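Since every read-out is calculated from the coordinates, none of them should be taken as a lab result. Remember, it's a predicted structure, so these values are computed and weren't measured experimentally. Note: ideal-geometry Cβ built from the backbone for every residue, glycine included; neighbour counts use all protein chains shown.
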Amino acid sequence: MRVLAAAVAALAVIILVVMSQARPLPDRPLPTAHGEGPVALPSPAPAGAISLEEALARRRSVRAFTPRALSTNEVGQLLWAAQGVTDSRGHRTAPSAGATYPLEVYAVTPEGVWRYLPAGHALAIVRTGDVRPDLAAAALGQGAVASAPLVVVINGVVTRTAARYGSRAERYVWLEAGHAAQNVLLEAVALDLGAVPIGAFDDDAVRAVVGASAGEDALYLVPVGHPAQ
Ligand SMILES: Cc1cc2nc3c(=O)[nH]c(=O)nc-3n(C[C@H](O)[C@H](O)[C@H](O)COP(=O)(O)O)c2cc1C
């Protein structure tokens with residue numbers, strides 16, 4: 001009997017140790033200094049609080065946000081939903097024509113602009129400072145862009161997909177941006193946040209604000225935040 005009690009106690013200790021090691025990483029601020037290398041985001045949570053069906057049913061465009069910042073965990077989870085790598089061959093959360101992966105995803109916050117690096121689930125800083133007023137101006141003055149604590153910017157490099165699919169590539173890249181944006185919208189609901197997809201903007205102005213590379217087209221903006229009400 002005493003042996004059994006000892007075995008149960010040992011098992012409990014092992015379970016506690018394993019559980020404590022599986023805790024999500026503590027939240028930490030995003031890098032803000034130029035010259036810092038890419039910084040890994042916290043590992044995405046493998047499960048959320050609500051079902052996919054509930055997220056679909058609850059999704060509604062939200063255009064007014066409180067100033068409350070998003071946590072690094074939330075930013076990471078939203079970027080993972082857009083383009084996170086989900087297997088050892090490099091496939092991602094969103095489908096891609098021929099796995100050519102033409103999308104480039106940026107996070108715009110009050111602190112700056114970062115480019116998402118899917119392979120390392122990391123962020124590379126592009127520029128510091130609050131560019132949301134410039135981004136909102138590029139989006140015809142839309143208040144959701146100016147007030148959201150995070151704007152996910154989805155750009156596309158058509159030549160990556162055109163190398164395989166020629167003149168069908170432009171269509172494929174636009175479709176792919178829709179997949180990635182919908183993933184962000186649903187992830188926002190799952191995190192109890194609000195979001196809206198934005199297609200009305202000046203392409204070149206958005207490209208300039210996020211410091212896009214040559215060959216990147218600005219395709220979609222998704223402001224995300226805590227709904228105001
Ligand atoms: C391609 C596309 C572009 C959109 N562009 C904008 C936009 O520029 N600004 C905006 O406030 N909403 C925009 N929306 C959101 C729609 O207005 C919204 O989805 C629609 O009113 C339906 O409401 P719901 O999203 O709450 O279901 C866009 C939606 C799509 C699919």
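Residues of the range 59-88 falling in the label zone of residue 124, defined by backbone nitrogen less than 18 Å from a point 7 Å along Cα to beta-carbon, are 79-80, 83-85. Close amide H pairs (under 5 Å, H built 1.01 Å from N) link residue 66 with 226, 228, residues at least 5 positions away or on another chain. Under conditions of 25 °C and 0.890 mPa s, the range 41-129 yields 166 µm² s⁻¹ as its translational diffusion coefficient, taking Rh as the Kirkwood radius over Cα pairs in the Stokes-Einstein equation.
Checking every one of the trypsin sites (Lys or Arg not before Pro) in the range 34-97 against DSSP loop status and a limit of 14 other Cβ atoms within 10 Å picks out 60, 68, 89. In the range 99-176, the C-alpha radius of gyration followed by the widest Cα-Cα span (Dmax) gives 14.6, 40 angstrom. Note on residue 50 and residue 214: their simple-model spin labels are 4.5 nm apart, each label 7 Å out from Cα toward Cβ. Gain on full extension, evaluated as 0.36 nm per residue between residue 60 and residue 87 minus their Cα-Cα distance, stands at 6.7 nm. Here's how it looks for residue 212: its modeled amide H is under 5 Å from none belonging to a residue 5 or more places away or on a different chain. Exposure proxy for 114, 174: other Cβ atoms within 10 Å of each Cβ, ordered fewest to most, give 174, 114.
Summing charges over neighbours of residue 157, with a neighbour being any other residue whose Cβ is under 12 Å away from its Cβ, gives -3 when K and R count +1 and D and E count -1. If you wrap the range 54-202 in the convex hull of its Cα atoms and look at it from every side, the mean projected area works out to 9.1 nm².
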